[in-house]
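I have placed the structure first, in the form of structure tokens, so that the comments after it can refer back to it.
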Amino acid sequence: MATVPLVVFNNGHTCPIIGLGTWKSKPGEVTQAVKDAIDIGYRHIDCAHIYGNEKEVGEALKVKMEEGKIKREDIFITSKLWCTYHRPDLVEGALKTTLDNLGLDYLDLYLIHWPQAFKEGGEEFPLDENNKVIPSPVDYIDTYKAMENLVDKGLTRSIGISNFNKKQIDRVMEAARIKPAVNQIEVHPYLNQSKLFEHCKSHGIAVTAYSPLGSPDRPWAKPGDPTLMEDQRLKSIAERYSKTVPQILIRYAIDRSMIVIPKSVTKSRIQQNFDVFNFQLSPEDLELIGSLECNGRLCMMGDDHHPDYPFHDEY
């Protein structure tokens, strides 16, 4: 079994550089996927309340712990605070719901999923009569301060942010008593995030790359959208290394010292995605892959009318 390198956070905690993503994994499939991943050697599972499958992830963890395959301290579990729970008095309850669903006493990492706060107390995507998301006036700085209390209470070991832009990161850093350990953002060759990555590094914030394979199963993909997996330039690099395109894409994140969370529910692919520790991309190939950058963002997250929508700024 491959020894998975660990990324050291600014608080001294460590995180396996590869994890299993669970976004869009259907409840009926995700339990088996997590069990398979643990058997293969994954020790990092990335979850979120909004994925609607944390109970099923929890079932897999329970089975593997009962089998003696893992102990709680062997596995790194991330989850994320949804946008309708940004109000400071709702934050702890949201985390406790996640812990309950996962069957755990604490998380390793809890992230603010998006900087936008949505109207509380109703739908997870509260919409007005024009089908636009209804914002909440909560400032994500107040949300972040409520997150810090979760560390004090031992409910999570580390906290962080997700989908925050440069300005938003700087605001959090100015106000933070406990520095964010991680910013989880979309990263792949069409959106390589080099500026934002360098900015996070300058603050001592680790970056987790989501959608590293270009999220080919994203529900809003249109026919004819360019797909990373079919990119001829990536295919020719993969051939040179006798690897698959997904393996090259995963290694692209790892060789840049990013944590990476490819998602699959197919055992053979979960295995293949993990089989990336017996080669390294050359500096020339990293540069070549980086040159595919085209600001090809795939995950926009709803309306750009929200005052905290993160993707207006340069990065």
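Mind telling me which of ALA206, ALA117, ALA94 comes out most flexible in a GNM of the chain, alpha-carbon contacts under 10 Å?
Of ALA206, ALA117, ALA94, the Gaussian network model singles out ALA94 as fluctuating most.
Take the alpha carbon atoms of the range 20-95, find their center, do the same for the range 256-315, and report the distance between the two centers in whole angstrom.
Their Cα centres are 21 Å away from one another.
Among LEU95, LEU109, LEU281, which one shows the highest mean-square fluctuation when the chain is modelled as a Gaussian network with alpha-carbon springs under 10 Å?
LEU281
Taking a virtual spin label 7 Å from the Cα of PHE277 along the C-beta vector, which residues in the range 22-48 bring their backbone nitrogen under 14 Å of it?
Within reach of a label on PHE277, which here means backbone N under 14 Å from a point 7 Å along Cα→Cβ, the range 22-48 contributes 38-44.
Nearest 500 deg cm²/dmol is fine: what mean residue ellipticity at 222 nm does the chain get from its DSSP H runs of n ≥ 4 alone, each adding -39,500 (n - 2.57), divided by its residue count?
-10500 deg cm²/dmol, from helical runs alone.
Can you divide the C-alpha Rg of the range 107-251 by 2.2 N^0.38 Å and report the result to two decimal places?
So the range 107-251 has a normalised radius of gyration of 1.26.
Calculate the all-directions average of the projected area of the range 92-133's alpha-carbon convex hull, and give it in nm².
3.8 nm²
Set the Förster distance to 22 Å, then compute FRET efficiency between SER268 and GLU29 from the Cβ-Cβ distance, nearest 0.05.
Given R0 = 22 Å and the Cβ-Cβ separation, E is 0.95.
Please report, to two decimal places, log10 I(q)/I(0) for the chain at q = 0.12, 0.13 Å⁻¹ as given by the Debye formula with identical point scatterers on the Cα atoms and no solvent.
The Cα Debye sum returns log10 ratios of -0.80, -0.95.
Please identify, among CYS200, CYS83, CYS299, the residue showing maximal mean-square fluctuation in a Gaussian network model of the chain using a 10 angstrom Cα cutoff.
Of the options given, CYS299 has the highest mean-square fluctuation.
Anything over 29 Å Cα to Cα? Flag those among LYS80/LYS153; LYS167/LYS267; LYS119/LYS145; LYS62/LYS132; LYS24/LYS132; LYS132/LYS235, in the order listed.
Result: LYS167/LYS267; LYS62/LYS132; LYS132/LYS235 exceed 29 Å.
Full extension from ASP152 to ASN10: what is 0.36 nm times the residue separation minus their Cα-Cα distance, to one decimal in nm?
Value of the extension gain: 49.5 nm.
What distance in nm lies between label points placed 7 Å from Cα along the C-beta direction at MET173 and MET300?
It works out to 2.9 nm between the two label points.
Coordinate-derived values only; no laboratory data. Everything numeric in this text was worked out from a predicted model, so none of it was measured. Cβ coordinates were reconstructed from backbone atoms using ideal geometry, including for glycine residues, and neighbour counts include every protein chain displayed.
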